[in-house]
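The structure appears right after this line, and notes come after that.
No lab work stands behind these numbers, since they all come straight from the coordinates. Predicted model, so just to flag it, every value in this text is computed and none were measured. Neighbour counts are summed over all protein chains in view; Cβ atoms, including those assigned to glycine, are modelled from backbone coordinates with ideal geometry.
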Amino acid sequence: MNKYTNLKSIISILVLAIICYSNLSLTTHTLKNNIVKPQEDKIYTKVDKMPEYKGGDKELTKFIINNITYPEGSKSKSIQGKVFISFIVNTDGTLSDYNVEKSVNKELDDEALRVIKLMPVWIAGNEKGKPVKVKMQLPIEFRLN
C-alpha cells in the first residue's frame with residue numbers, strides 16, 4: 001500500500017505540474033497578444049510625451065506674435081477675444097486637420113487659422129516610446145491695447 005500511495009502522490013504532483021505549466025504558457029501567450037500597442041491611425045489627446053513646438057512655448061509665442069496681423073475690420077469695431085484652433089500633430093511632426101473649436105468672428109478665426117497653418121514642423125508626441133498622432137488645441141488671443 002505504501003508503494004501505491006507514493007506512486008499515486010508522484011503521479012498527482014506530475015499531473016498538477018503539467019497543468020500549472022500549460023496554464024502558465026496560455027497566460028503568457030494571452031498577455032503577449034493583449035499588449036496595447038500604439039495604433040498608427042489612432043489620434044490621441046493625451047500621451048506620455050506631448051508634442052512640442054521646436055524651441056518650446058516661448059518660441060511658439062514669438063512665432064505667433066511675429067506672424068499675426070489684427071484684421072482691420074475687427075480692429076475698427078473693437079472686437080477682441082480668443083480663437084481656439086485644434087490641429088493634429090502627425091508622427092513626423094507635420095500639422096494637419098485644422099479646425100476652429102471656439103470662434104470669435106470669421107475675420108479673427110481666419111487670421112488665427114492662417115497663422116497656425118504657417119507653423120513649421122513640431123516635435124511629435126510619443127506614447128510608449130513611439131511617435132503617435134496627437135490632437136492639440138491652441139488659443140490665439142486678439143486683444144487691443
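Taking into account only those residues within the stretch 42-91 that are assigned to a strand (DSSP E or B) and of a type in the set (F, W, Y), which is surrounded by the most Cβ atoms within 10 Å (Cβ to Cβ)? By that ranking, first place goes to F87.
Within the stretch 60-74, is there a residue that is out of contact with any helix residue (DSSP H, G or I) (no Cβ under 7 Å at 6 or more places or on another chain), more than 15 Å from A124 (Cα to Cα) and aromatic (F, W, Y)? Yes: the stretch 60-74 contains one or more residues that are out of contact with any helix residue (DSSP H, G or I) (no Cβ under 7 Å at 6 or more places or on another chain), more than 15 Å from A124 (Cα to Cα) and aromatic (F, W, Y). Taken over the stretch 110-139, the criterion of being out of contact with any Leu (no Cβ under 8 Å at 6 or more places or on another chain), farther than 14 Å from D48 by Cα and crowded, with 19+ Cβ neighbours inside 10 Å is satisfied by E111, A112, V115. Looking across the stretch 98-120, the residues that are under 21 Å from I43 (Cβ atoms) and β-branched (V, I, T) come down to V100, I116.
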